[in-house]
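K.L.:
Attaching a single structure in structure tokens format; questions to follow.
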Amino acid sequence: MPVASTAAVRSVRLKVGLEIHVELATRSKMFTRAGSPGNPEFYDREPNSLVTPTVAALPGTLPVMNRRAVEMSMMVGMALGCSIARRSKWDRKNYYYPDLPKGYQISQYDLPLCHDGAFDLPVAGGGTKRIGIIRAHLEEDTGKLGHELPGGFHYEGSLVDLNRAGTPLLEIVTAPDFDSAADVVAFAQELRSVCRFLGVTEGIMQKGHMRFEPNINVIIELEDGTVVKTPVVEVKNLNSFKAVKGAIEYEAAAQVDRWREDGKVMGPNAKSTRGWDDVKCVTVLQREKEDAHDYRYFPDPDLVPVMVDDAWRERVRAEIPELPLARRARYVGTYGLEEKDAAALVEDREPCIYFESCVAELGGTAKAGYAAGKFLLNQLAKRANEIGCGLHAAGLTSKQVAGIVNLRESGALGAQNVDALVAAIASTPDDAKAAAEKAGLLVVRDDAALDGWIDQAIAANEQAAADVRAGKMAAIGRIVGSVMKLAGGKVDAKTVNERIVSRLQGGSQ
């Protein structure tokens, strides 16, 4: 066994590549018409209820390719800047596991569907970091092994559930271009948003719709000038961003210690596979990693190659919507929203589409985008949180939202009455103005009455009035509150504030 140098460590540089498995949301599986658990229609089905003779690998069954899965994969590839192969093929990846009935997995080896892409990842402090996309190939998922009986009782053996077997799975492989756990997590989050906007997956991490497998090693420079590259460790099946970050940070430190102990460096057969223990926050050795030749890949004789002509490729390209990064940049640059507000609107597809609809109802201008964004993220978000739903499901149509924003912008609706109007109009067919009139929420346009209420409020708050005259504006809230109470909330607080300042600092009274 080699012995590690005793020289002090001058620096440690992290190097990470990422493999991502995306469970596609097609209605049927990759090579059979069985329902697919990646589609909402088949969530949480009973174990082994999504099984056909093809899934179970019964003798005489033959696979038939799912065209929509190929198209979804092409969309992701295009979004990641990949070239789409004119010809790709299916290969058999041979290995034995209890949840793999055929004894092989249908995948793509040397001719993947998507290849040679790049993604410009925004990084902290501004600018972008280019992440190379080596390939994105399509395959079928395996089944699942469990060790727990109904009721949560532990089972010593393995329970096989083939519901997931045969589900279309897109495997995306990046170049080892990451040098921090934070950038890996940022890329994983961006990729999830891209896939959700494309509609190719629901992206529910807890259901395994996306699984991340970082390939990690470190480059150690010693004080004597020696440079050491540790063996690559692949951490399998991480389904949370927290786990991705934790596993990479743990390995970054642990690999230096391991090298000190065993002296192993990168080379043939040095790669290993580890799992992540979420409780202890450590990685655990699973097996020494197989190389490609161990899987004995060969072309699947039952499936024809995938031939993509220009017409098919352009039809798929036309389905791709504006993607999250471009939307965020537009919301900031055109609508004047803050970065955090733009990011919140683009976090999920449905609220983002809802926002776009609201902007269109308001005229599609930059001012409309800003006003709609602020309303959705403030007043409507409050209601959505109360009833436990997304912005788009809070009960207001985009036309009703536009109506409320217009009432507010014109001064016909006071800020203090917006929440009441949202509650009154939600899940009704009423337009905003009619609902506000019915609920008595519109601002009273009576200057004489307003002046009278201001006079009363000033008289009742003499000290506060004196402070405002002296320029101590913090005191004005007491006077404004008194006016609002006298008016029964039917005046605009901003207008009241301006009239009081004019009255007390303009020379009168």
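Every number here is computed from the coordinates shown, using simple stated rules; none is lab data. The model shown is predicted, which means the values in this text are computed figures rather than measured ones. Neighbour counts run over all protein chains shown; Cβ positions are idealised from the backbone, glycine included.
K.L.:
Over all directions, average the projected area of the Cα convex hull of the chain and note it in nm².
P.N.:
Working: hull surface 135.9 nm².
If I average the Cα hull's projected area over directions, I get 34.0 nm².
K.L.:
Using only the C-alpha atoms of segment 116-163, find the volume of their convex hull and express it per residue in Å³.
P.N.:
Details: hull volume 8.3 nm³, N = 48.
So the per-residue Cα hull volume is 173 Å³.
K.L.:
Over the Cα atoms of segment 345-385, each weighted equally, I'd like the Debye log10 I(q)/I(0) at q = 0.18, 0.23, 0.28, 0.35 Å⁻¹, rounded to two decimals.
P.N.:
For segment 345-385 at q = 0.18, 0.23, 0.28, 0.35 Å⁻¹, log10 I(q)/I(0) is -0.45, -0.72, -0.98, -1.18.
K.L.:
Find the centroid of the Cα atoms in segment 370-436 and in segment 118-177, then give the distance between the two in whole Å.
P.N.:
40 Å
K.L.:
Let me have the 222 nm mean residue ellipticity of the chain computed from DSSP H runs of 4+ only, each contributing -39500 (n - 2.57), with the sum over all residues rounded to the nearest 500.
P.N.:
Values: 16 runs with 183 residues, N = 509.
So the helix-based figure for the chain works out to -11000 deg cm²/dmol.
K.L.:
OK, next. Kirkwood hydrodynamic radius, computed over distinct alpha-carbon pairs, for segment 395-468: how many Å, to one decimal?
P.N.:
Numbers: mean 1/r = 0.0719 Å⁻¹.
Mean inverse Cα-Cα distance, inverted, gives 13.9 Å.
K.L.:
Once you measure Cβ to Cβ distances between cysteines in the chain, which Cys have no partner under 4.7 Å?
P.N.:
Flagged as lacking a Cys partner: Cys195, Cys281, Cys352, Cys358, Cys389.
K.L.:
For segment 150-245, what are Rg and Dmax over the alpha carbons, in angstrom?
P.N.:
Expressed in Å, the Cα Rg and Dmax of segment 150-245 come to 17.9, 59.
K.L.:
Oh, and also: Would you mind ranking Trp259, Trp312 so that the residue whose beta carbon has the fewest other beta carbons within 10 Å leads the list? Provide the component values of the computation, followed by the final result.
P.N.:
Working: Trp259 21, Trp312 16.
Result, fewest neighbours first: Trp312, Trp259.
K.L.:
For the pair Ile353 and Gln189, how long in nm is the line joining their label points, each one 7 Å along Cα→Cβ?
P.N.:
2.4 nm
K.L.:
While we're on this one: So for segment 249-376, Kirkwood radius off the Cα pairs, Stokes-Einstein at 4 °C and 1.567 mPa s: how many µm² s⁻¹? All intermediate terms of the calculation are to be shown ahead of the outcome.
P.N.:
Details: Rh = 20.6 Å.
This corresponds to a translational diffusion coefficient of 63 µm²/s.
K.L.:
Can you list the lysines whose alpha carbon sits under 25 Å from that of Lys242, skipping same-chain ones fewer than 8 residues off?
P.N.:
Lys15, Lys129, Lys144, Lys207, Lys271, Lys280, Lys289, Lys340
K.L.:
On to the next question. Order these by the 10 Å Cβ neighbour count, fewest first: Cys358, Cys352.
P.N.:
Cys352, Cys358
K.L.:
Moving to a separate point now. Once the cut-off is 20 Å, how many percent of the Cα-Cα pairs in segment 324-438 end up in the long-distance tail? Each step should come with its number before you reach the end.
P.N.:
Numbers: 2313 of 6555 pairs.
Of all Cα-Cα pairs in segment 324-438, 35 percent lie more than 20 Å apart.
K.L.:
Another question, then. Output needed: percent of Cα pairs per 5 Å distance bin for segment 1-117, bins running from 0 to the one holding the longest distance.
P.N.:
Each 5 Å bin holds this share of Cα pairs: 2, 9, 13, 18, 17, 12, 8, 5, 5, 5, 4, 2, 0.
K.L.:
Taking the convex hull of the alpha carbon atoms in segment 79-126, what volume per residue do you get, in Å³?
P.N.:
On the way: hull volume 6.4 nm³, N = 48.
Per-residue hull volume (Cα only) is 132 Å³.
K.L.:
Expressed in nm to one decimal, what extension gain is obtained for the pair Val304 and Glu41 from 0.36 nm per residue of sequence separation less their Cα-Cα distance?
P.N.:
On the way: separation 263, 0.36 × 263 = 94.68 nm, distance 2.95 nm.
Extra length available between Val304 and Glu41 comes to 91.7 nm.
K.L.:
How many nm separate the modelled label positions at Thr428 and Ala470, each set 7 Å beyond the Cα in the direction of the Cβ?
P.N.:
Simple spin-label model gives 4.7 nm for this pair.
K.L.:
Take the Cα atoms of segment 447-505, find their three principal axes, and give me the spread along each one in whole Å, biggest first.
P.N.:
28, 19, 17
K.L.:
Can you give the percent of C-alpha pairs in segment 371-509 whose distance is more than 24 Å? Please list the in-between numbers first.
P.N.:
On the way: 3794 of 9591 pairs.
I get 40 percent for the Cα pairs in segment 371-509 exceeding 24 Å.
K.L.:
Arrange the following residues from fewest to most other Cβ atoms within 10 Å of their Cβ: Cys281, Cys114.
P.N.:
Working: Cys281 13, Cys114 28.
Fewest-to-most Cβ neighbours within 10 Å comes out as Cys281, Cys114.
K.L.:
For a bin width of 10 Å, list the pair-distance distribution of segment 9-307 built from all Cα-Cα distances, rounded to whole %.
P.N.:
6, 26, 34, 24, 9, 1, 0
K.L.:
Moving to a separate point now. Give me the number: length gained by fully extending Ala8 to Ala366, i.e. 0.36 nm times residue separation minus the C-alpha to C-alpha distance, one decimal in nm.
P.N.:
Numbers: separation 358, 0.36 × 358 = 128.88 nm, distance 5.80 nm.
Stretched fully, the Ala8-Ala366 segment lengthens by 123.1 nm.
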